[in-house]
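Single-structure report; data block below.
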Amino acid sequence: MTYLPVVLWTDALVFVLLAAGAVLAWAIRRQEHLRAPWRSVAQRPMAMGAALVLGVFVVIGLLDSLHYRERLPDSAPGNPQYSVEVLSVFDALLGALRTQKEKTYSAPLAMQLYAKEFIERDGERVRDYPRLQYGGAHLAHPDERLPDIARRVLRGVVEGLAAGLIAFGLVAAWDARRRRVALAAWLAGWRHGTLGWPARTVVVVLALLAVLGATLVQLAAGYHVLGTDKVGQDVLYISLKSIRTGLVIGTLTTLVTLPLAIGLGIAAGYFRGWVDDVIQYVYTVLNSIPGVLLIAAAVLIVQVYIESNPELFDTAAARADIRLLALCLIMGVTSWTGLARLLRGETLKLRTLDYVEAARAFGVSHARILGRHIFPNVFHLVLIAIVLDFSGLVLAEAVLSYVGVGVDPSMYSWGNMINGARLELAREPIVWWQLVAAFVFMFTLVLAANLFADGVRDAFDPRQQGRR
Amino acid sequence: MHAYILRRLLYAIPILIGVNLLTFTLFFVVNTPDDMARLQLGAKHVTPEAIERWKTEHGYDRPLLLNRDAAGMAQLTDTIFFRHSAAMFAFEFGKGDDGRDIGTEIRTRMGPSLAIALPVFVIGLLVNISFALLMVFFRASYLDVGGVVLCVVLMSISGLFYIIAGQYFIAKLWNLLPISGFADGIAAWKFIVLPVLVGVVSGIGSGARWYRTIFLEEIGKDYVRTARAKGLPEARVLFHHVLKNGMIPILTGAVVVLPLLFMGSLITESFFGIPGLGSYTIDAIQAQDFAVVRAMVFLGAFLYIVGLILTDISYSWVDPRVRLQ
């Protein structure tokens, strides 16, 4: 089997963002005054725990951003043909979770379908719940289900704890070596929380994540852990695939916002005069249009463009991807105004400070003053805005998908999941698992992001210091 | 004072013109009437004649900016820009795709929107301020930390969840209130309670946390130390001095959203079946009724600018120094 790598637009931008983050981290490591606030973030238990959870989401998102197309088995060797389905490395890792489809809805951990059907039993046609094709297929009798689930959960917990213990041992060995202390002394320090970093929280969160992961793996091997949706797709799979969409919206939108907000905000505050007037005028106009309506108008326009130029996109994934990118662009264009206003105000204050005036008196060029004196001093505001905006953008996606101007309906996203499941609430018994899965995943990501953002803000915002 | 207000009013005019030009560009230049017709007619029925007919029916068969066939002033007035964009300044929005007059729709739908949005605003403000004051009163204790964590948790829950959970538990499972719908007059109360409750609860997280920081900022000021130094009990300092001074940024910050309450909330109204402007807008977006979307963009921008002017006035009223600049 050979593969054709596919680089979607958002994939490319995600990896550009990753590279930029790496460069920034490298630059920060070399400067003590830049490292200090990050070290203070690392000392906060809540922020570090949240960062670990975010890390899991990010790894999944990155794996899900490496796309490829499989070569069709019956294509000629000289003229290879590739499947129109775009898969990712993450799909390959999940394996059977993607392909094991049932007929329609089934409840979490069920072994029978949600709807009754006519089935053959002992030569008779009876109306009953048919067995699932994959979920619990290894069981001979329904009574075996609960003991089997209990066994799998137990195995998962034990495996997870073992993995957590190994991770703990590695962390202990590494940190003890780094500090040049004996392992026993390190352990005592860990127990009393005197290591200078929240090692207890980190170990507990790591162990919890390992237990959760191992249990899910154990259960998913035999069941649909979160049930299946209307077309029989595994809900756990959909929820995991939606992570990438949420992360892309939360990060790429900010990437669009930053150049506009930084460039225009600082320019308005620094140059004053007509530049300030023009920029203020532009952002008041943009701000005065209700955000949802502006996004809706722009998305409708993008939709018309995509529909009238179908030849530009060779796969459905590429089409959905362009729409996602357009959504990020549009949300970025509508949301830069808040940060720009903040930066303008801060720059107004900074430009009157003595060192800036001195630089100007020495004849330092505007570009150099902006780059060396103004920008580094407003950078903390930019950083705080990035982390604070992230969670709001993830939540906004769900609302926009409901309005019908969110991501492409074929794309996996929590908004689309909620939208699809909303109408099924009227069923009896109700189909709750899709909604709950989408809300729980979204809540976990947003809560982790919010807690991390709080840590970052407390560490970077001088006004917050000494007060909580 | 009058000169100041006049200046702010004059400043609003170029912004409204900017909004108007932007919507004109978005809806008629980037996305031409031909595109709209194609989208509305659907892929199967697109013929050049059908597009022309659709454009004639909706009055989009004129040139964009300059009509060279007409005579005199009609060269400027018999155009799409004048008839569909400039006319909005006179609040003439034309007709939607369903043939109804948009202006009449807006007037009849403002009431229900306001019936939901106003209680959410007032009750929400009271609840958030009380919650924030409580946290500040017990500041730096476990109660405060717990309150802040609760706020972050509440903030992290999707707004859709509050609506769906409220509808499911309160309306469907416990049968306390109707799931959705609306009635005229006083009978509407039972349709209003649930949306208001959901609206207030979903706003607590971010609101209370924000007000808490405002009060905490206030508490570090000199007058609070003076009040304590002269022996006032902590409760009196907080509820008398800090509350009053903290209300200034809170209320002036809230003024800007006051006019926008007319627009209602998109999601709440559409979930609860309230015949307000929010559900009107959402229906228009979903039906791709550009005339209505355009009208709502203009109305929203207009109300926002009214809010900005009110904010400026309230600031200058509270703090006379602003006026002199």
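The values are calculated or read from the model by the stated rules, or taken from the named source; none is laboratory data. Keep in mind that what you see is a predicted model, and the values were worked out from it rather than measured. We place every Cβ from the backbone using ideal geometry, glycine too, and count neighbours over all the protein chains shown.
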In segment B:23-34, which residue that is crowded, with 19+ Cβ neighbours inside 10 Å and either at positive phi or part of a helix (DSSP H, G or I) (or both) is nearest to the other protein chains (Cβ to nearest Cβ)?
B:26
Can you go through B:121, B:81 and tell me which one is farther than 17 Å from residue B:278 by Cα and either at pLDDT 70 or above or in a helix (DSSP H, G or I) (or both)?
B:81
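Here is a yes/no grid of residues against (1) outside any helix (DSSP H, G or I); (2) in the same structural domain as residue A:315 (by TED's automatic domain parsing); (3) among the charged types (D, E, K, R):
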{"site": "A:90", "(1), (2), (3)": "no, no, no"}
{"site": "A:125", "(1), (2), (3)": "yes, no, yes"}
{"site": "A:146", "(1), (2), (3)": "no, no, no"}
{"site": "A:150", "(1), (2), (3)": "no, no, no"}
{"site": "A:155", "(1), (2), (3)": "no, no, yes"}
Those residues that are under 30 Å from the mean Cα position of the chain (by Cα), aliphatic (A, V, I, L, M) and under 27 Å from residue A:233 (Cβ atoms), I need them from segment A:150-179; list them, please.
A:153
Residue A:276 - would you say it is farther than 18 Å from residue A:401 by Cα and charged (D, E, K, R)?
yes
For residues that are in contact with an Asp or Glu (Cβ under 9 Å, 6 or more places away or on another chain) and facing another protein chain (nearest Cβ under 10 Å), scanning just segment B:128-174, find the one that is surrounded by the fewest Cβ atoms within 10 Å (Cβ to Cβ).
B:148
Yes or no: segment A:312-325 includes at least one residue that is part of a helix (DSSP H, G or I) and within 14 Å of chain B (Cβ to nearest Cβ).
no
Can you work out which of the residues in segment A:270-286 that are surrounded by fewer than 16 Cβ atoms within 10 Å (Cβ to Cβ) and charged (D, E, K, R) is farthest from the other protein chains (Cβ to nearest Cβ)?
A:272
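Quick check on my filter: what residues within segment B:132-175 are among the small types (Gly, Ala, Ser), more than 17 Å from residue B:267 (Cβ to Cβ) and touching a residue at least 40 places away in the same chain (Cβ under 8 Å)?
Of all residues in segment B:132-175, those among the small types (Gly, Ala, Ser) come to B:132, B:140-141, B:146-147, B:156, B:158-159, B:165-166, B:171.
From what's left, more than 17 Å from residue B:267 (Cβ to Cβ): B:132, B:140-141, B:146-147, B:156.
The answer is B:132, B:147, B:156.
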Taking segment A:417-456 and keeping residues under 21 Å from residue A:224 (Cα atoms), within 7 Å of chain B (Cβ to nearest Cβ) and in contact with a Gly (Cβ under 8 Å, 6 or more places away or on another chain) leaves A:442
Would you confirm whether any residue within segment B:23-31 is at pLDDT below 75 and either of a type outside the set (Ser, Thr, Tyr) or more than 22 Å from the chain's Cα centre (by Cα) (or both)?
yes
Within segment B:153-198, track down each residue that is under 19 Å from residue B:118 (Cβ atoms), outside any helix (DSSP H, G or I) and out of contact with any helix residue (DSSP H, G or I) (no Cβ under 7 Å at 6 or more places or on another chain).
B:184
The number of residues in segment A:13-57 that are basic (Lys, Arg), within 23 Å of residue A:193 (Cα to Cα) and surrounded by fewer than 15 Cβ atoms within 10 Å (Cβ to Cβ) is 2
Condition check: surrounded by 15 or more Cβ atoms within 10 Å (Cβ to Cβ), in contact (Cβ under 8 Å) with a residue 24 or more places away in the chain and more than 20 Å from the chain's Cα centre (by Cα). Does residue B:242 satisfy that?
yes
Would you tally the residues in segment A:389-416 being hydrophobic (A, V, I, L, M, F, W, C) and away from chain B (no Cβ under 11 Å)?
4
Please indicate, with yes or no, whether at least one residue in segment A:252-262 is touching a residue at least 12 places away in the same chain (Cβ under 8 Å) and closer than 18 Å to residue A:52 by Cβ.
no
For residue A:8, the lone unmet condition from (1) modelled with pLDDT under 85; (2) touching a His at 6+ places or on another chain (Cβ under 9 Å) is (1)
Given the criteria of a type in the set (Lys, Arg), more than 14 Å from every other protein chain (Cβ to nearest Cβ) and not in a loop (DSSP other than H, G, I, E, B), does residue A:341 qualify?
no
Just wondering, is there one or more residues in segment A:290-301 that are within 10 Å of chain B (Cβ to nearest Cβ), surrounded by 23 or more Cβ atoms within 10 Å (Cβ to Cβ) and not in a helix (DSSP H, G or I)?
no
Residue match in segment A:332-346 (condition: of a type in the set (Phe, Trp, Tyr), modelled with pLDDT under 90 and surrounded by 20 or more Cβ atoms within 10 Å (Cβ to Cβ)):
yes
If only one of B:166, B:185, B:199 is assigned by TED's automatic domain parsing to the domain that holds residue B:149 and closer than 21 Å to residue B:131 by Cα, which one is it?
B:199
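Answer yes if at least one residue in segment A:265-273 is on the phi > 0 side of the Ramachandran plot, assigned to a helix (DSSP H, G or I) and not hydroxyl-bearing (Ser, Thr, Tyr), and no otherwise.
Yes, segment A:265-273 contains at least one residue that is on the phi > 0 side of the Ramachandran plot, assigned to a helix (DSSP H, G or I) and not hydroxyl-bearing (Ser, Thr, Tyr).
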Within segment A:365-413, work out how many residues are surrounded by fewer than 18 Cβ atoms within 10 Å (Cβ to Cβ) and assigned to a loop (DSSP other than H, G, I, E, B).
4
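Among the helices (runs of 4 or more DSSP H) confined wholly to segment B:225-325, which include 3 or more residues that are in contact with a helix residue (DSSP H, G or I) (Cβ under 8 Å, 6 or more places away or on another chain) and farther than 27 Å from residue B:3 by Cβ? Show your work before the answer.
Details: elements: B:243-255, B:266-272, B:277-286, B:290-318, B:321-324.
In segment B:225-325, the matching helices (runs of 4 or more DSSP H) lie at B:243-255, B:266-272, B:277-286, B:290-318.
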Condition test on residue B:308, is it at the interface with chain A (Cβ under 10 Å from one of its Cβ atoms) and touching a Ser or Thr at 6+ places or on another chain (Cβ under 8 Å)?
yes
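In segment A:252-263, what count of residues is obtained for those that are touching a helix residue (DSSP H, G or I) at 6+ places or on another chain (Cβ under 8 Å) and either surrounded by fewer than 24 Cβ atoms within 10 Å (Cβ to Cβ) or within 14 Å of another protein chain (Cβ to nearest Cβ) (or both)? Break it down stepwise before answering.
Step one: of segment A:252-263, the residues touching a helix residue (DSSP H, G or I) at 6+ places or on another chain (Cβ under 8 Å) are A:252-258, A:260-262.
From what's left, either surrounded by fewer than 24 Cβ atoms within 10 Å (Cβ to Cβ) or within 14 Å of another protein chain (Cβ to nearest Cβ) (or both): A:255-256, A:258, A:260, A:262.
Adding up the residues that qualify gives 5.
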Has segment B:139-153 got any residue that is under 24 Å from the mean Cα position of the chain (by Cα), assigned by TED's automatic domain parsing to the domain that holds residue B:237 and either at pLDDT below 85 or closer than 20 Å to residue B:264 by Cα (or both)?
no
Collect the residues in segment B:266-325 that are more than 19 Å from the chain's Cα centre (by Cα), surrounded by 20 or more Cβ atoms within 10 Å (Cβ to Cβ) and not hydrophobic (A, V, I, L, M, F, W, C), keeping them in residue-number order.
B:289
